[in-house]
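Read through the structure below, which is laid out as structure tokens, and then see the notes.
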Amino acid sequence: MKKTEYSMKKQSVIAGKAVRFQHKTQEVPFYHTEFDGDVFTLALSEETAPTYLGGTFKTRSDDLFIMTYPKSGTHWVSYISDQIAKKASLQRLEKDLYIGGIPFLDRTPPAELASLSSPRAMYSHLPYRFTPHHPTQLLKYIVVARNPKDVAVSQFNFLKNMKMFDFEGSWDDFLTLFMDGKGFGGSYFDWVLQWWEHQNNDNVLFITYEDLKKDLVKEVGMISHFLNHSLSSTELQEVAAACTFEAMKKNKIGAIEKNKAKTMKKDQSFYRKGIIGDWQNYFSPEQTKAFDDWCELNLKGTGLHFEFS
Ligand code: A3P
């Protein structure tokens, strides 16, 4: 099929490969950044992409990266890490565009990140191959994965509810895109499985949205331990209480919710449902069968399993 350009603000070349910013086509009908044929979020801009896709970000040995495929619990785990840091008396600059004291790497100009004091924490949707790494520094990564059915539903609603994507497609259209590796954030399984391969590394903590949902205090404890903070059980419970869906919604955590009159279509909230299993309200029996087969094919032999309810 011939590619139809609806709109493209700017294109450029990074490491010899084409990058298109604020790009929407007939094949991927929502605004995104496209690099070397892959779909990236709109956060990667002309200002940030050369550094992050070009692999030239200057890391520090005590950097923490919170890595997620979009709609897998980015805000949740970033805010948990932020609340743990506060209990451990770490002082971090807070800005409207950050989640507490934690900036969005993909969107934040490298110079701004360079100006932050250590230890820094950043969240990102970059796939493994573009995540900042260093040959000798033991950088830490918290990787959050969520079952792909709920991710697809959450992404679909996000694309529909956020003004910036200008997405008019149906659920059926979106599910086809998602299974074709053109979800918002690129191929789901490429993203998750590339990280899963590193799940046993000492500097990687691989957690799931479903585990957070089932026992938040326990997961907060694991994150705190991974970050070398020893919080009391009261403190762990206080962090968990501040990080429930209801508390984060009420306190408008994150720039999207804070500015929702501007960012979202009428009456929508970034904090949509926050549950496991909403996919059951979207998938037809045929879609469930096709999706289950697709998951089985991709997960076979990997040892990775998801809970879908
Ligand atoms: P739903 O759309 O299914 O409600 P991200 O931060 O990666 O964009 O993920 C957003 C998803 O996480 C949304 O899912 C949102 O409601 C959910 N979420 C955010 N904070 C949460 C919390 N404290 N508890 C449970 N889910 C949360």
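The residues on offer are E246, E238, and the sole one that is near the ligand (Cβ under 9 Å from one of its atoms), over 18 Å from the mean Cα position of the chain (by Cα), more than 20 Å from P148 (Cβ to Cβ) and open to solvent by 30 Å² or more (accessible area, probe 1.4 Å) is E246. Of all the residues in region 294-309, those that are under 22 Å from T176 (Cβ atoms) and touching a strand residue (DSSP E or B) at 6+ places or on another chain (Cβ under 9 Å) number 1.
Evaluation of V220 against the conditions (1) free of Cβ contacts under 8 Å to residues at least 60 places away in the same chain; (2) surrounded by 22 or more Cβ atoms within 10 Å (Cβ to Cβ) shows that the sole unmet condition is (1). If you filter region 110-153 down to residues that are among the charged types (D, E, K, R) and assigned to a helix (DSSP H, G or I), you find that the one that is nearest to the ligand (Cβ to nearest atom) is D150. Remark: L227 matches the filter, which requires a residue to be away from the ligand (no atom under 12 Å from the Cβ), touching a residue at least 40 places away in the same chain (Cβ under 8 Å) and aliphatic (A, V, I, L, M). Of all residues in region 82-109, which are away from the ligand (no atom under 13 Å from the Cβ), in contact (Cβ under 8 Å) with a residue 24 or more places away in the chain and among the polar types (S, T, N, Q)? Listed by number, the residues that qualify are Q91, T108. Given the structure, is F189 open to solvent by less than 50 Å² (accessible area, probe 1.4 Å) and either under 30 Å from F226 (Cβ atoms) or in contact with a strand residue (DSSP E or B) (Cβ under 6 Å, 6 or more places away or on another chain) (or both)? Considered against the rule, which asks whether it is open to solvent by less than 50 Å² (accessible area, probe 1.4 Å) and either under 30 Å from F226 (Cβ atoms) or in contact with a strand residue (DSSP E or B) (Cβ under 6 Å, 6 or more places away or on another chain) (or both), F189 comes out as yes. Among the residues of region 117-138, those that are in contact with a Lys or Arg (Cβ under 8 Å, 6 or more places away or on another chain) and surrounded by fewer than 19 Cβ atoms within 10 Å (Cβ to Cβ) comprise S117, S118, P119, Q137. Of the residues making up region 55-74, those that are open to solvent by less than 30 Å² (accessible area, probe 1.4 Å), polar (S, T, N, Q) and away from the ligand (no atom under 16 Å from the Cβ) number 1. Filtered by the rule that a residue be assigned to a loop (DSSP other than H, G, I, E, B) and among the hydroxyl-bearing types (S, T, Y), region 26-60 gives Y31, T41, S45, T48, T56, T59. Is it true that some residue in region 202-216 is surrounded by fewer than 18 Cβ atoms within 10 Å (Cβ to Cβ), within 18 Å of S154 (Cβ to Cβ) and not basic (K, R)? Yes, region 202-216 has at least one match. For region 61-105, enumerate the residues that are within 21 Å of H134 (Cβ to Cβ) and assigned to a loop (DSSP other than H, G, I, E, B). Selection gives S61, D62, D63, P103. Remark: pairs (first residue in region 261-280, among the β-branched types (V, I, T); second residue more than 7 Å from the ligand (Cβ to nearest atom); Cβ separation under 7 Å; 6+ apart in sequence or on different chains) = T263/M162; T263/K163; T263/I256; I276/E210; I276/E307; I276/S309.
Being of a type in the set (A, V, I, L, M, F, W, C), more than 17 Å from I256 (Cα to Cα) and open to solvent by less than 10 Å² (accessible area, probe 1.4 Å) holds for only one residue in V77, V143, and it is V143. The set of residues in region 258-293 that are more than 9 Å from the ligand (Cβ to nearest atom), in contact with a strand residue (DSSP E or B) (Cβ under 9 Å, 6 or more places away or on another chain) and either open to solvent by 50 Å² or more (accessible area, probe 1.4 Å) or modelled with pLDDT of 95 or more (or both) comprises K265, Q268. Taking region 193-218 as the range and being under 18 Å from the mean Cα position of the chain (by Cα), assigned to a helix (DSSP H, G or I) and either more than 13 Å from the ligand (Cβ to nearest atom) or acidic (D, E) (or both) as the test, the residues that pass are L193, Q194, W195, W196, E210, D211.
Residues that are surrounded by 15 or more Cβ atoms within 10 Å (Cβ to Cβ) and more than 20 Å from the chain's Cα centre (by Cα) within region 225-235 comprise H229, L231, E235, listed in sequence order.
The values are calculated or read from the model by the stated rules, or taken from the named source; none is laboratory data. Quick caveat: nothing in here was measured; it's all calculated off a predicted structure. Positions of Cβ are backbone-derived with ideal geometry, glycine not excepted, and every protein chain shown enters the neighbour counts. Heavy atoms of the whole protein, side chains included, go into the accessibility calculation; ligands, DNA and RNA do not. Shrake-Rupley method; radii C 1.70, N 1.55, O 1.52, S 1.80 Å.
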